[in-house]
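First up is the structure itself, then whatever we jot down about it.
Values quoted throughout were computed directly from the atomic coordinates according to the rules given, and no laboratory measurement underlies them. What you see is a predicted model; the values in this text were computed from it and never measured. Methodologically, a virtual Cβ is constructed for each residue, glycine included, from the backbone with ideal geometry; neighbour enumeration extends over all protein chains shown.
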Amino acid sequence: MAHSIEILPDPETEAAVRAQWDALEAAGLPSAGRVRARTNRPHCTLLAGTAISPAADSALASTAQRLPFEFRVGGAVVFAAGRKYTLARAVVPSSELLTVHATIVRLTRERVTELAQHSLPGQWTPHVTLGLRLTADELAAALQLLSWPTVVGRASAIRRWDGDAKVDVVIPGRGC
């Protein structure tokens, strides 16, 4: 199961993304909101692997001191996987976000098993997922259904997700 390190947005930005999850679900379309676990929340994955040691948490805590910073959610982005698609919102790669991403990769990569290459600086596409495994018809419907105004919020915490144990460790930024 996947493990990841993620940026969590502030409550207002989270609510804006959840509203889009709800709209997709109400229309009968694949939605990231269908997962009802307490730990399922909007996030921007910084890196992923097959395992991440809890020893990474000290590096995450020091890096979290750079938060909060502006977290700008932009337009639609689509990732293709064969005949299925992932629909997401782009996260504008501010200098603060790129610095935090590069720092976390540098400080934690030795504690990540099978680090996903798409997580590396220069290959990473920051985004917040809206729906997974959409068909082409579902993707077209979702793109028409949703509106895409820019959401300007704050990055408020860093989270380490353990997909095997289904638990998360949330490390808030200073003053968050």
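Remark on Gly153: its backbone amide H falls under 5 Å from those of Phe71, Arg72, Val73, a criterion applied only to residues 5 or more positions apart or on other chains, H modelled at 1.01 Å from N.
Listing Lys84, Lys166 from fewest to most neighbouring C-beta atoms within 10 Å gives Lys166, Lys84. Given their separation in residues at 0.36 nm each and the Cα-Cα distance between them, Thr125 and Phe79 gain 15.6 nm when the chain is fully extended. Take 35-47, 123-135 and order them by the average number of nearby Cβ atoms within 10 Å per residue, most first; the result is 123-135, 35-47. Any idea how far the Cα center of the stretch 16-47 sits from the one of the stretch 106-176, in Å? The stretch 16-47 and the stretch 106-176 have Cα centres spaced 11 Å from each other. Converting phi to 3J(HN,Hα) with the Karplus coefficients 6.51, -1.76 and 1.60 and the offset θ = phi - 60°, the stretch 55-64 yields 4, 6, 4, 5, 5, 5, 5, 5, 5, 4 Hz in sequence order, with x at every glycine or proline. In sequence order, the stretch 135-145 has phi-based couplings of 6, 4, 5, 5, 4, 4, 5, 5, 5, 6, 5 Hz under the Karplus curve 6.51 cos²θ - 1.76 cosθ + 1.60, θ = phi - 60°, and Gly or Pro positions carry x.
Only helical runs count toward this figure. For the chain, summing -39,500 (n - 2.57) over DSSP H runs of n ≥ 4 and dividing by all residues gives -8500 deg cm²/dmol at 222 nm. For Val77, the residues whose modelled amide H falls within less than 5 Å of its own, excluding neighbours fewer than 5 places apart on the same chain, are Ala88, Arg89, Ala90. Net charge dipole, the stretch 3-171: roughly 140 debye, given to the nearest 20, about the Cα centre with Cβ charges of +1 for Lys and Arg and -1 for Asp and Glu. Residues whose amide H falls under 5 Å from that of Ala27, counting only those 5 or more places apart or on a different chain, are absent, with hydrogens built in the peptide plane. Put in line by how crowded their Cβ is, counting other Cβ atoms within 10 Å and starting with the fewest, Val77, Val92, Val17 read Val92, Val77, Val17.
In the chain, the longest principal axis of the Cα atoms and the axis of helix 95-108 are about 60 degrees apart.
A simple rule links phi to the HN-Hα coupling: the Karplus curve 6.51 cos²θ - 1.76 cosθ + 1.60 with θ = phi - 60°, which for the stretch 28-39 gives x, 9, x, 9, 5, x, 5, 7, 9, 5, 4, 7 Hz, with x for Gly and Pro.
For the chain, the orientation-averaged shadow of the C-alpha convex hull comes to 9.5 nm² (one quarter of the hull surface).
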